[in-house]
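The values are calculated or read from the model by the stated rules, or taken from the named source; none is laboratory data. In this text the structure is predicted, and so the values were computed from the model without any measurement. Positions of Cβ are generated from backbone atoms using ideal geometry, with glycine treated the same way; all protein chains shown enter the neighbour counts.
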Amino acid sequence: MVTPVIEVNNLAKWFTDENHRRSRVLHDVNFNVFPGETLVIMGGSGCGKSTLLNCMIGELHPDRGSIKIFEKDITTMDEFSLNDIRKKFGILFQSGALFNSMTVGENIALPLQEHSEIDPSIINIVVTIKLEQVRMLAHRNKIPSQLSGGQKKRAGLARAIALDPKILFYDEPSAGLDPVTVAAIDELIISLSKKLGVTSIVVTHDMPSAFRIADRMVMLHKGKVLKVGEKREFEVLRDTPAEELTDPNDQLIHQFLLGLGHGPLTDSEGISEYEKIMTDGFI
């Protein structure tokens, strides 16, 4: 039996607003991530995807439940132990999160300088290799303001893989990009997963991208997991006529996957539940 790289068990998270009202953002979330796979976590705006990601990378502490990475529960760790685990994974943030005062090459070198014992004379070689892997070597001496959105994502990805991580987290990698650039980033994610053998967790609401890159998928709705399954299972739900679906959860997933304006996710005026969530801030 294959041991999961990540185990999320009964995860729950609440937030409190300025009026001291508590909202539950994650509801007893459960799923596993297995070695070498690409798991896509999807759902509409406000469904809890970003909160879940921030819990998985240790930036937020859940109110209940556990997250095991390499069989170690990160929710019980002190900051020193957590930082040791963080060295084993890389993160590509939505914006790329590059330091504007540094060149692309200096951005990639930074984690090597701060978190490795690589000899300074070797760092330059490692930076070259990482930039080649994301096809950004020609832009090594540019600063982030000179890059396009897609190039910033590539540079951010080069930095994310600088320490040869076992796990890669992607936060909305297609956000703000045109369809052609999104497809190129997707191809890069697939290529790196195969060449580096990393486990990838991708948070997105971009369905064409999700179906290109996923091995398995997790569907979140109002902070709850509606379904965890192989990509093929979601493809079947997507392609089945709505009138043939009897399970309410399947109907919700079907509407979301196809981006339909009418269905259980929208009211009689065509306003989606996600719009309501973003308006009042509560799930």
- Query: Just checking, which of A158, A162, A175 is touching a Pro at 6+ places or on another chain (Cβ under 6 Å) and either buried (at least 21 other Cβ atoms within 10 Å of the Cβ) or hydrophobic (A, V, I, L, M, F, W, C) (or both)?
  - Reply: A162
- Meets criteria (at pLDDT below 95, closer than 23 Å to L226 by Cα and not hydrophobic (A, V, I, L, M, F, W, C)) for G58: no
- Residues of the range 219-263 satisfying the condition of being more than 19 Å from V203 (Cβ to Cβ), of a type outside the set (A, V, I, L, M, F, W, C) and part of a loop (DSSP other than H, G, I, E, B): T240, P241, T246, D247, G261, H262, G263
- Message: When you check N19 against the structure, is it under 24 Å from D215 (Cβ atoms) and of a type in the set (S, T, N, Q), yes or no?
- Response: no
- Message: Restricting to the range 11-26, name every residue that is surrounded by fewer than 17 Cβ atoms within 10 Å (Cβ to Cβ) and in a strand (DSSP E or B).
- Response: A12, W14, F15, T16, R22, S23
- Item | Of residues in the range 101-145 being modelled with pLDDT under 90 and acidic (D, E), the one farthest from the chain's Cα centre (by Cα) | D119
- Task: Would you mind stating whether V8 is outside any loop (DSSP other than H, G, I, E, B), under 27 Å from R212 (Cα atoms) and touching a residue at least 12 places away in the same chain (Cβ under 8 Å)?
- Result: yes
- Item | Unique residue being at pLDDT 90 or above, over 15 Å from the mean Cα position of the chain (by Cα), farther than 14 Å from L39 by Cα and surrounded by fewer than 21 Cβ atoms within 10 Å (Cβ to Cβ) when the list is D267, D239 | D239
- Look at M42 and say whether it is touching a residue at least 24 places away in the same chain (Cβ under 8 Å), farther than 18 Å from L226 by Cβ, surrounded by 19 or more Cβ atoms within 10 Å (Cβ to Cβ) and of a type outside the set (G, A, S). no
- Message: If I filter the range 1-49 down to residues being of a type outside the set (V, I, T) and in contact with a Phe, Trp or Tyr (Cβ under 6 Å, 6 or more places away or on another chain), which single residue comes out as modelled with the highest pLDDT?
- Response: P4
- Somewhere in the range 150-162, is a residue outside any helix (DSSP H, G or I), touching a residue at least 12 places away in the same chain (Cβ under 8 Å) and either closer than 23 Å to T103 by Cα or hydroxyl-bearing (S, T, Y) (or both)? yes
- List pairs: first in the range 131-146 and touching a residue at least 24 places away in the same chain (Cβ under 8 Å), second among the β-branched types (V, I, T) and surrounded by fewer than 12 Cβ atoms within 10 Å (Cβ to Cβ), Cβ under 7 Å, 6+ apart or cross-chain? none
